[in-house]
Amino acid sequence: MRDHADRTPRLLPWTTPEGNPCFLLPSDGTGYVSRLADRWEDEQLGSAAVLIEDAEQILAARSWTPGELHLLTVELKNSLATTHRVAESRGARLPAPAYESDDDADDDPEDAPDGGRYRP
């Protein structure tokens, strides 16, 4: 039996009926549940891409109703939540960086040269 003490369980892209997270003990990633989770994550990310295109079309038309905007907002929120879950799961499985972090560094975005503002 493999020793799972050195690795974090994988956050799966679904929850229990009560809304609690589901986890999978780490393995080589080739098992049935791992492959199912990989496919589910790919489908969730694909659905998010389609929703982005839908949102662009709806917003570009500038003739939406309050109901359409409400539905779009609900769908975008749900998609963002599932995409965030996929990112958390995949990020947790990345190897630790090969460098040591500087504990004295202040990661406050306000201290950045541009004041922490995003510039596209």
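Computed from the coordinates by the stated procedures, all read-outs in this text should not be read as laboratory data. These numbers were taken from a predicted model, which means no experiment stands behind them. Because the Cβ atoms are built from the backbone with ideal geometry, glycine has one as well, and the counts that use them run over all protein chains shown.
On alpha-carbon atoms, Rg over Rh for region 37-78 using Kirkwood Rh?
On the Cα set of region 37-78, Rg over Rh gives 1.09.
Length available on full extension from Thr15 to Leu69: 0.36 nm per residue minus the Cα-Cα distance, which gives 16.7 nm. Phi angles of region 48-62 translate, via the Karplus equation with coefficients 6.51, -1.76, 1.60 and θ = phi - 60°, into HN-Hα couplings of 5, 5, 5, 5, 4, 4, 4, 5, 4, 5, 5, 6, 5, 5, 6 Hz per residue; Gly and Pro are given as x.
Could you tell me which GluC sites (Glu not before Pro) in region 1-85 are loop residues by DSSP with no more than 11 other beta carbons within 10 angstrom of their beta carbon?
Values: sites: Glu18, Glu41, Glu43, Glu53, Glu56, Glu68, Glu75; in loops: Glu18.
Sparse-neighbourhood loop GluC sites (Glu not before Pro): Glu18.
Per-residue Karplus couplings for region 71-78, computed as 6.51 cos²θ - 1.76 cosθ + 1.60 with θ equal to phi - 60°, are listed in order as 4, 4, 5, 4, 5, 5, 4, 5 Hz, Gly and Pro entered as x.
Taking amide H as placed 1.01 Å from N in the peptide plane, Cys22 has its amide H under 5 Å from the amide H of Leu12, Trp14, Thr16, each at least 5 places away in sequence or on another chain. Close amide H contacts of Trp64 (hydrogens built in the peptide plane, cut-off under 5 Å, sequence separation of 5 or more or a different chain): none are found. With label points built 7 Å along Cα→Cβ from the Cα atoms of Arg7 and His84, find their separation and express it in nm. So the two model labels end up 2.7 nm from each other.
If you plug each phi of region 20-26 into the Karplus form 6.51 cos²θ - 1.76 cosθ + 1.60 with θ = phi - 60°, what whole-Hz ³J(HN,Hα) values come out, in order, with x for Gly and Pro? The phi angles translate into 7, x, 10, 10, 10, 4, x Hz.
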